[in-house]
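Worksheet: one structure, shown below.
The values are calculated or read from the model by the stated rules, or taken from the named source; none is laboratory data. All values derive from a computational prediction rather than experimental measurement. So basically every Cβ, Gly included, is an ideal-geometry build from the backbone, and we count neighbours across all protein chains shown.
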Amino acid sequence: MYSIKEIYKTIQGEGAQSGRTAVFVRFTGCNLWSGKEKHRESSICNFCDTDFVGTDGINGGKYSCKSLVSKIKDIWQSKERGYIVFTGGEPMLQLDEELILLCKENNFETAIETNGTIKIDFDIDWICVSPKAGSDLVVKNGNELKVVFPQSEFNLDMMKKLSFEHYFLQPMDSKEIDQNTKNAISYCLKDPVWKLSIQQHKLLGID
């Protein structure tokens with residue numbers, strides 16, 4: 001059984017797939033933060049802006065592989081080929097080949113948003129890695145590398161030598177968001193290998 005925080009249809013708001021309609025499947029749990037505020041300061045990923053604790057979100061609950069794909073189909077409600085984004089928390093704590101294969105059998109393209117600390121040994125159509133400073137990066141190739149900026153411990157020159165199609169800097173959403181955005185823009189102008197990723201869904205008020 002998969003423990004799911006929430007499942008919902010929305011518009012992808014960041015990165016290379018911005019503007020694309022998708023069903024987001026958010027798994028519970030993460031290996032870089034418990035999700036509890038009392039642990040935030042001491043965690044590796046202490047700037048997370050997502051609630052991935054429990055199964056009490058929209059369409060949240062415990063699902064078998066078949067029941068999860070059935071729920072995704074009900075939410076997609078289109079004859080067009082579907083697009084699923086598996087996210088978290090850290091989806092690779094639960095995501096497996098059985099679920100990916102069943103999604104593809106039901107005419108869905110699959111994507112993952114991962115911190116890259118757990119090996120992916122099955123075929124996902126779109127891999128977005130968002131590395132976190134202080135963690136052991138295992139997934140060093142994919143479609144999209146999205147670095148939350150700034151993380152002072154990162155050597156971005158080394159990061160862009162990894163094997164990805166797209167390299168994004170995404171301003172950290174914090175009290176310093178305006179300055180973080182200005183600094184990310186300046187860095188992209190200095191080194192155009194990097195593209196700017198803005199969380200457009202937040203600006204538009206979309207979940």
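Details
- Of the helices (runs of 4 or more DSSP H) lying entirely inside the range 55-171, those containing at least 2 residues that are at pLDDT 95 or above, over 22 Å from residue 199 (Cβ atoms) and not aromatic (Phe, Trp, Tyr) span 65-76, 97-105.
- The condition of being out of contact with any His (no Cβ under 8 Å at 6 or more places or on another chain), surrounded by fewer than 21 Cβ atoms within 10 Å (Cβ to Cβ) and farther than 19 Å from residue 22 by Cβ holds for only one of 125, 136, that being 136.
- Of the residues making up the range 55-68, those that are surrounded by 14 or more Cβ atoms within 10 Å (Cβ to Cβ) and not aliphatic (A, V, I, L, M) are 55, 57, 59, 60, 61, 63, 65.
Table: residues versus (1) crowded, with 16+ Cβ neighbours inside 10 Å; (2) in a loop (DSSP other than H, G, I, E, B); (3) touching a strand residue (DSSP E or B) at 6+ places or on another chain (Cβ under 9 Å).
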site	(1), (2), (3)
13	yes, yes, no
26	yes, no, yes
29	yes, yes, yes
33	yes, yes, no
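- In the range 70-89 there is no residue that is over 22 Å from residue 11 (Cβ atoms) and touching a residue at least 60 places away in the same chain (Cβ under 8 Å).
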